[in-house]
Amino acid sequence: MNLAENKTILALLFATVIISGCTGGGSTEQDTSTSAVQVNEFSAFPNPTPSGQNTRFRMQVENVGDHDAENVYAQLYGPPFASEDGQSNTWRSSGGDAVSSSDRLLEFSDLSAPQENTPSTPSTQTVTFTAPELDDGREIGYNMRARLMYKYGTDATSEIQVMGEDAYQEAGSPQGSATIQNDDGPVQMEIRTPTPIAIYNSGQDSVEKELCVVVRNQGAGVPFTDDDGDDTDAFKGEGNGYNLEEVQEHTNKVKLTIENVGRVEFRKDDDGSYDESVSSQTKEIIGGRAVVCWDMRIQTGTSALDTTIPLSIESTYFYKQESSSAVTVQGR
């Protein structure tokens, strides 16, 4: 390959990098973690366990995100549990009785987020079951699963530039993407609307533009929420746990709220109002992402318009993630 061919290939590669960097939505901070509540341990003891003997399941969880986690519960399920007293070949309560949903619930309450100089404190809960009765010499492996659920939220901050016609042209009609910084958490956001936003002379006191945000589920589980976005009672189930039917009905939904700031006000659609200080809407994440848009009213005033506007976007949701623990029961 000669020198001219090398230069041509390098030029094409360079152009590809430039084009790929200028398309799509805004960029996000690269050091953001998508973790919130992590499971440090989920184990059985003893393992292997003799049939008909008590087995203790231990789970330790920890909040490693940026927000407090509320109403943290883990519901155990998977192997066959006794539905009536004395039922054989099933996992039973430590007293040998039937196992209800409440018997399989681990309650962690609220978990505080770590602070700058204060690490988070792990929380540990245990539950004991009696292993199934097996014939001597028989061995069966079971997979105890845990459905961990909690209320959480992710905040994101960004800024966009608004420029009047003269300032925009003097700057060479620039066009770029807004950088957004997300808190640690499974739901992450990015700004889709380019910046700066050019405002051409219209003779009006205000102009309307559109601000769009892409929200993604980047954690290992799935979010869910009701239409209000923060109603814990909407998902309350037996023993203060979660109602799985309600959770399933509202799976993959997230509530986003944006605040008015300075000369900019937001509303969620044409039927909404600019009168509120914040504007909220609940969206369903499909295929891992959702696009949420607001009408944005910018007060132009009489002074030259060339300003940077800080944006504060809050997402609120519940989150569901799965863990499992393998245990072997041996007939002896």
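The values are calculated or read from the model by the stated rules, or taken from the named source; none is laboratory data. This structure is a prediction, so every number in the text was calculated from the model and none was measured. A quick note on method: Cβ atoms are made from the backbone with ideal geometry, for glycine too, and the neighbour counts reach across all protein chains shown. Accessible surface areas use protein heavy atoms only, side chains included; no ligands, DNA or RNA. Shrake-Rupley method; radii C 1.70, N 1.55, O 1.52, S 1.80 Å.
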Exercise. Please give the number of the condition Ser100 fails out of (1) modelled with pLDDT of 95 or more; (2) loosely packed, with under 15 Cβ neighbours inside 10 Å.
Key: (1)
Quiz item: Pick from Arg192, Arg145, Arg138: which is basic (Lys, Arg), closer than 30 Å to Lys236 by Cα, surrounded by fewer than 20 Cβ atoms within 10 Å (Cβ to Cβ) and touching a strand residue (DSSP E or B) at 6+ places or on another chain (Cβ under 9 Å)?
Solution: Arg145
Practice problem: Please tell me if Leu244 is within 30 Å of Val61 (Cα to Cα), open to solvent by 40 Å² or more (accessible area, probe 1.4 Å) and not basic (Lys, Arg). | Solution: yes
Quiz prompt | Flag if Thr300 is within 25 Å of Arg263 (Cβ to Cβ), of a type in the set (Val, Ile, Thr), open to solvent by less than 30 Å² (accessible area, probe 1.4 Å) and in contact with a strand residue (DSSP E or B) (Cβ under 9 Å, 6 or more places away or on another chain) | solution = yes
Self-check item: Given (1) open to solvent by 60 Å² or more (accessible area, probe 1.4 Å); (2) in contact (Cβ under 8 Å) with a residue 24 or more places away in the chain, index of the condition Cys212 fails
Solution: (1)
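Out of the residues in region 303-332 meeting the condition of being more than 30 Å from Val162 (Cα to Cα) and hydrophobic (A, V, I, L, M, F, W, C), tell me which one is surrounded by the most Cβ atoms within 10 Å (Cβ to Cβ).
Only one residue fits best here, namely Phe318.
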Quiz item: What are the residues in region 257-297 that are closer than 15 Å to Val214 by Cα, outside any strand (DSSP E or B) and open to solvent by 30 Å² or more (accessible area, probe 1.4 Å), if any?
Solution: Lys268, Gly287, Gly288
Quiz item: Going by the structure shown, is Gly95 assigned to a loop (DSSP other than H, G, I, E, B), open to solvent by 20 Å² or more (accessible area, probe 1.4 Å) and at pLDDT below 90?
Solution: yes
Practice problem: Kindly list, by first and then second residue, each pair from a residue in region 56-72 that is assigned to a strand (DSSP E or B) to a residue that is among the acidic types (Asp, Glu), limited to pairs with Cβ atoms under 6 Å and residues at least 6 apart or on different chains. | Solution: Gln60/Glu41; Glu70/Asp110
Quiz item: Of all residues in region 136-191 being part of a loop (DSSP other than H, G, I, E, B) and under 16 Å from the mean Cα position of the chain (by Cα), which is nearest to Ile313 (Cα to Cα)?
Solution: Asp183
Exercise. Report yes if Gly219 is closer than 14 Å to Tyr317 by Cα, among the small types (Gly, Ala, Ser) and open to solvent by less than 40 Å² (accessible area, probe 1.4 Å), otherwise no.
Key: yes
